[in-house]
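Worksheet for the structure shown next.
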Amino acid sequence: MSPTAYILRQSVAAKRPSRWDIHARYAMRLPDATVDLPAGTWLLALPEAGDNHSYPPHYRLADGRIVCLDAPLTAGQADPLTDPQALAALTAYRSLEQTVEEDWGLQVEHVDRNAPFRLIQCPLCDGTEFVTVGFAGVWCDRCQAEFHVRHTAGDPGFAVDCTFAHYQPTAARYLLPRSDELLLTMVCKNGGGDPLDLTHNQHCHRDDCTAAQVALTDGRASPLRAGLHACVLGDVYDWSFYGRVPTVYNHDQHGYYTLLWPDGQEELWPRSAFVNVNGFRWEDKQKVTSAAALLATSTPAGYSPDFGSLRYRDELAAFLKEWAQRPSHPPVVGYRSIWPKRSQLQEGERYLLHRWLLHKEKDDGWMQASPVWLVVTDAAQEKYDRRWRVVRDNICPHCGRPVSQSEWESQVNEKRPWDTPHGYCRDLWAQHNWQPTLMD
């Protein structure tokens, strides 16, 4: 049966059909929208759905959109479209869902009514251009951070995980060791509207949202990109940093960078951002500790009591003691660990994850890790130069805000610690003898 196509004689008011997307956790309805079709528009009649002849007639436009009318087109409204090239163009169109299923054998499921990658920006480099290869994954086109989209815990919206096992540090604002054990997660709960629609309406609730200028998101203060309609976003939860501390330093995977400190010292990075573990059970750690203590106070048979032998014995005992004191397993980086705000950076500055503060939690005994961030600038003098210059070392490892000289010297009000800058942060400072340097 040959397809039936029309060309409008006069303008017609049509509607985009509504639909329901049913998921395991919720049902999402995409409402209809009015579409004004001017004279001269091409329409391809689509077959009716099953035996339901009362189903409103559906047509496909030349741009692929599907619209429905209250009744079939009449001879007074449209003429048959008979041009063979026009018919070939209309019938050759495939929707995204049809193309993906026919070419890749996959079905496209809409996680949310709003497409995530039209809204988010890369948490590492602020990039807003994303690419995908055969639906195997999504990458930031600037720094190569990788993304995975999934459902929320039950509300309409989406959750996005970002990993950086293969990212390019020179393109990022956050410098971390490449790792499969660390990740970032943000959540956007659907607010019921389209954030790309910059039209003011009666539902806009912000004082700074007007018909002349709607309230827009600030890309430096939000996980979403700048320029979205802020009134219709719903609940947006910023990027959460968590996982496990990377424990293996691999030259081929991570490469070497040089940190230049103001006092002239140089340091290889990301070596400082890795933690050594021993893999021992509790019983094994006790045995190694006992062996180290015994070795430190005795001279094994066959050793001559010369200075070199004693020094070797002491070094071996110290090594065994240090080895036994290492964590048995990779320390845990708790959910919502410190991910400092990019609004605190000046032009040309970046955050660099330098090291970890390790401490055991009283409740479960797991080794926890708090990241220590530096602020650095690019010190490269040529294309392949890998150097970062440290400009500030005052990012609080407890709250992620900078610590000024006056805040550091202020006395804590024990009865009202919230009245003192960083009042709740000082226990962690004291536990690790942390103090800010290179302050503003």
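Overview of values
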| quantity | calculated |
| --- | --- |
| Inter-residue pairs, beta-carbon under 8 Å, first over 17 Å from Trp339 (Cα atoms) and basic (Lys, Arg) and in the range 117-134, second in a loop (DSSP other than H, G, I, E, B) and modelled with pLDDT under 90, 6+ apart | Arg118/Leu196 |
| Failed criterion for Val160 (all others in (1) surrounded by fewer than 19 Cβ atoms within 10 Å (Cβ to Cβ); (2) over 22 Å from Gly40 (Cα atoms); (3) touching a helix residue (DSSP H, G or I) at 6+ places or on another chain (Cβ under 7 Å) hold) | (1) |
| Leu44 being at pLDDT 85 or above, in a strand (DSSP E or B), more than 37 Å from the chain's Cα centre (by Cα) and hydrophobic (A, V, I, L, M, F, W, C) | yes |
| Hey, Leu73 outside any loop (DSSP other than H, G, I, E, B) and in contact (Cβ under 8 Å) with a residue 40 or more places away in the chain or not | no |
| Within the range 391-440, considering residues that are closer than 18 Å to Ser337 by Cα and among the basic types (Lys, Arg), the one modelled with the lowest pLDDT | Arg426 |
| Strands (runs of 3 or more DSSP E) wholly inside the range 334-405 containing at least 3 residues that are within 19 Å of Phe274 (Cα to Cα) and touching a helix residue (DSSP H, G or I) at 6+ places or on another chain (Cβ under 6 Å) | 349-360 |
| Test: residue in the range 64-71 that is more than 43 Å from the chain's Cα centre (by Cα) and modelled with pLDDT of 75 or more | yes |
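The values are calculated or read from the model by the stated rules, or taken from the named source; none is laboratory data. Model, not experiment: these values are computed from the prediction. With ideal geometry, Cβ positions are generated from the backbone for all residues, glycine too; neighbour counts draw on all protein chains shown.
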